[in-house]
């Protein structure tokens, strides 16, 4: 900024083990998004090293970094980033188009499998404008899984969603982590959402101010079963009561 150097990250040093569910939390400008960009091989650190699966990826070429992103890392963003004129199935298949040697039938099979994982097989032919925000985010999660990544990076994945849908999305992440052993790194500014992680790392002014195991991890699956629906008597009464 002019003559003033501002370090988005300032000497951050930490390790994330395979199979962890880590929440990274902090206010705007804290450095969490820059951290995500480096972990996701979207940016390189100005100095220092980033070791991914025993490989120093901070020195790789642009093409090599693109290959790492495509094969090892799945991305889920707040804005979904779906192709508007493309079906859910085709959106999920998209990352496979950048990998040679995969037949069309195999792409379809894997995309169907991923949509089934997120409970959206009945929406496979729908376009984004025919789906709710929660359904679009499920498509984005399915797309992030299509290359069977070892890491899923979720950047504010519930930022555009209501409370119930947010809980459902967090249940998907927790199941992927618990049942498939996928490492989940969740970037958020919401304390309540960060509590779904087993470990919470707090950023402020480009440094890590705390890094702790979350002894009171929230269970999205348990919370969903306790949430009321419009079919419940109390909720129905409130929805239909005249003024």
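The values are calculated or read from the model by the stated rules, or taken from the named source; none is laboratory data. Only a predicted model underlies this, so the values are computations on that prediction, with no experimental measurement involved. Cβ: placed from backbone, ideal geometry, glycine included. Neighbour counts: every protein chain shown.
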task: Would you please name the residue that is nearest to the chain's Cα centre (by Cα), looking only at residues in region 144-166 that are assigned to a helix (DSSP H, G or I) and free of Cβ contacts under 8 Å to residues at least 60 places away in the same chain?
output: 166
message: Go through (1) surrounded by fewer than 19 Cβ atoms within 10 Å (Cβ to Cβ); (2) at pLDDT 90 or above for residue 156 and report which single condition fails.
response: (1)
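Answer yes or no: is there a residue in region 64-77 that is surrounded by 11 or more Cβ atoms within 10 Å (Cβ to Cβ) and in a loop (DSSP other than H, G, I, E, B).
No, because not a single residue in region 64-77 is surrounded by 11 or more Cβ atoms within 10 Å (Cβ to Cβ) and in a loop (DSSP other than H, G, I, E, B).
Rundown of residues vs (1) assigned to a helix (DSSP H, G or I); (2) under 24 Å from residue 162 (Cβ atoms); (3) modelled with pLDDT of 90 or more, yes/no style:
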position: 45; (1), (2), (3): no, no, no
position: 101; (1), (2), (3): no, no, no
position: 113; (1), (2), (3): yes, no, yes
position: 122; (1), (2), (3): yes, yes, yes
position: 138; (1), (2), (3): yes, yes, yes
field: Looking only at region 180-205, and only at residues there that are assigned to a strand (DSSP E or B) and either under 12 Å from the mean Cα position of the chain (by Cα) or without any contact (Cβ under 8 Å) to a residue 12 or more places away in the chain (or both), the one that is nearest to residue 150 (Cα to Cα)
entry: 183
query: Of 30, 13, which residue is surrounded by 13 or more Cβ atoms within 10 Å (Cβ to Cβ), farther than 22 Å from residue 144 by Cα and modelled with pLDDT of 90 or more?
result: 30
